[in-house]
Amino acid sequence: MDLFDTLPLPSDAVPEPLAPGAVLLHGFARREDAVLLHALEAVLAEAPLCHMQTPGGHTMTVATTSCGSLGWVSDRHGYRYAARNPQSGQPWPAMPLCFGELAQRAALEAGYANFQPEACLINQYLPGAKLSLHQDRDEKDLTAPIVSVSLGLPAVFQFGGLQRSERPRRYRLAHGDVVVWGGPSRLAFHGVLPLADGDHALLGRRRINLTFRRAG
Ligand code: SIN
Ligand code: FE2
């Protein structure tokens with residue numbers, strides 16, 4: 001069990017600034033974790049996680065799926081948002097109300113009013129899985145922030161600058177933490193170091209990350 005999960009709910013926790021326009025909201029989603037995980041189960045039953053190919057021909061160590069009117073897709077041709085799940089040919093599952101509502105509240109807390117994401121990318125990390133340093137730049141609307149919700153095992157999140165060469169800082173993201181980045185940080189490089197093994201009380205040996213995007 002993660003020691004952080006035994007601490008009181010940090011409802012009064014002070015947002016931790018990461019960079020101009022970027023904050024870490026410690027424990028912001030903790031109190032609603034059961035509702036989120038219940039909704040997540042239904043989404044995963046309809047659109048199972050899979051390991052997508054990268055344009056460079058690698059298989060991602062992170063397993064992904066999406067919900068909302070658009071989903072994030074990667075294959076040999078590149079990264080993009082698509083209205084249908086390439087695995088099934090079907091539209092992505094609707095975004096659960098509790099997802100969209102959490103994303104909007106977190107964005108507001110970070111200073112971004114009226115955030116209405118139409119895409120939620122779901123990433124699953126098993127021990128060892130990682131996400132190399134990258135920018136989220138496939139979205140058409142770069143005026144909207146990215147809202148990222150961490151559930152399950154803690155991860156080391158790297159958050160850097162607008163140049164890949166800028167050395168990223170490292171932050172520990174625990175169950176229920178939410179990171180929001182937008183404005184001058186919207187195109188900041190970020191990534192996740194290989195997930196350390198562990199056993200989370202609700203999620204077992206995995207971490208789930210939800211990222212909400214205004215994609216279209
Ligand atoms: C992402 O960059 O899409 C996910 C970040 C994370 O898993 O924390
Ligand atoms: Fe990203």
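What the table below lists for this structure:
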quantity	calculated
Criterion (in contact (Cβ under 8 Å) with a residue 24 or more places away in the chain, polar (S, T, N, Q), more than 14 Å from ligand 1 (Cβ to nearest atom) and touching a strand residue (DSSP E or B) at 6+ places or on another chain (Cβ under 7 Å)) met by exactly one of Gln87, Gln116, Gln53, Gln124	Gln87
Single unsatisfied condition, Gly111 versus (1) in contact with an Asp or Glu (Cβ under 6 Å, 6 or more places away or on another chain); (2) among the small types (Gly, Ala, Ser); (3) loosely packed, with under 15 Cβ neighbours inside 10 Å	(1)
Leading residue by the ranking (surrounded by the most Cβ atoms within 10 Å (Cβ to Cβ)) among those in the range 134-157 that are within 11 Å of ligand 1 (Cβ to nearest atom) and within 15 Å of Tyr79 (Cα to Cα)	Asp136
Complete set of residues in the range 92-150 that are within 14 Å of ligand 2 (Cβ to nearest atom), among the charged types (D, E, K, R) and over 25 Å from Gly204 (Cβ atoms)	Asp136, Arg137, Asp138, Glu139
Residue pairs meeting the criteria (Cβ under 7 Å; at least 6 apart or on separate chains; first farther than 15 Å from Pro15 by Cβ and open to solvent by 40 Å² or more (accessible area, probe 1.4 Å), in the range 163-182; second away from ligand 2 (no atom under 14 Å from the Cβ) and not in a loop (DSSP other than H, G, I, E, B))	Arg170/Val156; Arg172/Val156
Any hit, the range 161-182, residues being assigned to a helix (DSSP H, G or I), away from ligand 1 (no atom under 12 Å from the Cβ) and of a type in the set (Ser, Thr, Tyr)	no
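The values are calculated or read from the model by the stated rules, or taken from the named source; none is laboratory data. From a predicted model like this one, the values you see are computed outputs, not experimental measurements. When we count neighbours, we look across all protein chains shown, and the Cβ atoms used for this are built from the backbone with ideal geometry, even at glycine. The protein model used for the area step is the full one, side chains on, heavy atoms only, and it has no ligands, DNA or RNA in it. Shrake-Rupley method; radii C 1.70, N 1.55, O 1.52, S 1.80 Å.
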